[in-house]
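Visitor: First the structure, which I've put down as structure tokens, then a few questions once you've had a look.
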Amino acid sequence: MVHDVLDYARFGAGLLVVVLATVLLAWRSGIGLGWTPLTSLARAVVQLSIVALLLRGILAVPWTVVAFLALMLTTASVTASGRLSELWHGRRAAVIGVVVGACVALTLVFVLRLVALEPRYLVAVAGIIIGNAMSAATLSGRNFLRGVRHRRDEVEAWLSLGASPSRAHLEIGQEAVRESLLPNLDQTRSTGLVTLPGAFVGALFGGASPAVAAQFQLVVLAGIALAMTVTGVIVTRLLSRSPYLPPAPS
């Protein structure tokens, strides 16, 4: 018992040193993050501790996985919607994009039996895909906002010629989705050479063979790409319907 407490204390102290180094570097570099790295990690510690306790019950009672998935989708949707509140119906676009993007990818993964439909696999894959759908909604929406502000004159010209809002915003939306996908696609392209993704490493630590771990990671990467693409397209297409232009930044 005492040994476990000492191990946890040593682990916590190590994490604190790493995050304080981040805070110090950001402060000395004038980045302006403040204590955000520390508060973000503290929140992650609390949330992961709660999730770890919940998962013990969820994996023991399989039907509760549905409620847990609903909780993840709700949290991701709320988080993304808050990032797009400046845009016309941005909150609605974020929620629809996250839910549809994640559900489409997860449905294909399990219908095609790329991963066994078991609670532990469902929770693991869903958590990763839903998180990336949330990121796609935020990135594509924010990229769309920047694009509209930067190309405001172009959009106004299209509208003055009688074009629909969707047509006037089409290229901006396409570019916003493309830019939101590039970091993930670059990471996918470099997988195995530059990075060893978490799903692969986690499967190895869980006792899977390298071949099985690689298969699991490939399924996750494909699911992420699909979820992010669907999410980005839906978000930007819904935002493109706006008859209003967002105000210029003050």
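Visitor: May I ask you to verify whether Leu53 is modelled with pLDDT of 90 or more, more than 30 Å from Ser240 (Cα to Cα) and open to solvent by 90 Å² or more (accessible area, probe 1.4 Å)?
Guide: No; evaluated as a whole, the condition is false for this residue.
Visitor: Now a separate question. Hey, can you tell me all the residues within segment 87-137 that are within 14 Å of Thr236 (Cα to Cα), touching a residue at least 40 places away in the same chain (Cβ under 8 Å) and charged (D, E, K, R)?
Guide: Scanning segment 87-137 gives a single hit, Arg92.
Visitor: Report, by residue number, each residue of segment 192-225 that is surrounded by 20 or more Cβ atoms within 10 Å (Cβ to Cβ) and either modelled with pLDDT of 90 or more or on the phi > 0 side of the Ramachandran plot (or both).
Guide: Those that are surrounded by 20 or more Cβ atoms within 10 Å (Cβ to Cβ) and either modelled with pLDDT of 90 or more or on the phi > 0 side of the Ramachandran plot (or both): Gly223, Ile224.
The values are calculated or read from the model by the stated rules, or taken from the named source; none is laboratory data. Keep in mind it's a predicted model, so treat the numbers as computed, not measured. Reconstructed Cβ throughout: ideal geometry from the backbone, glycine too, with neighbour counts over all protein chains shown. Surface areas here come from the heavy atoms of the whole protein model, side chains and all, with no ligands, DNA or RNA. Shrake-Rupley method; radii C 1.70, N 1.55, O 1.52, S 1.80 Å.
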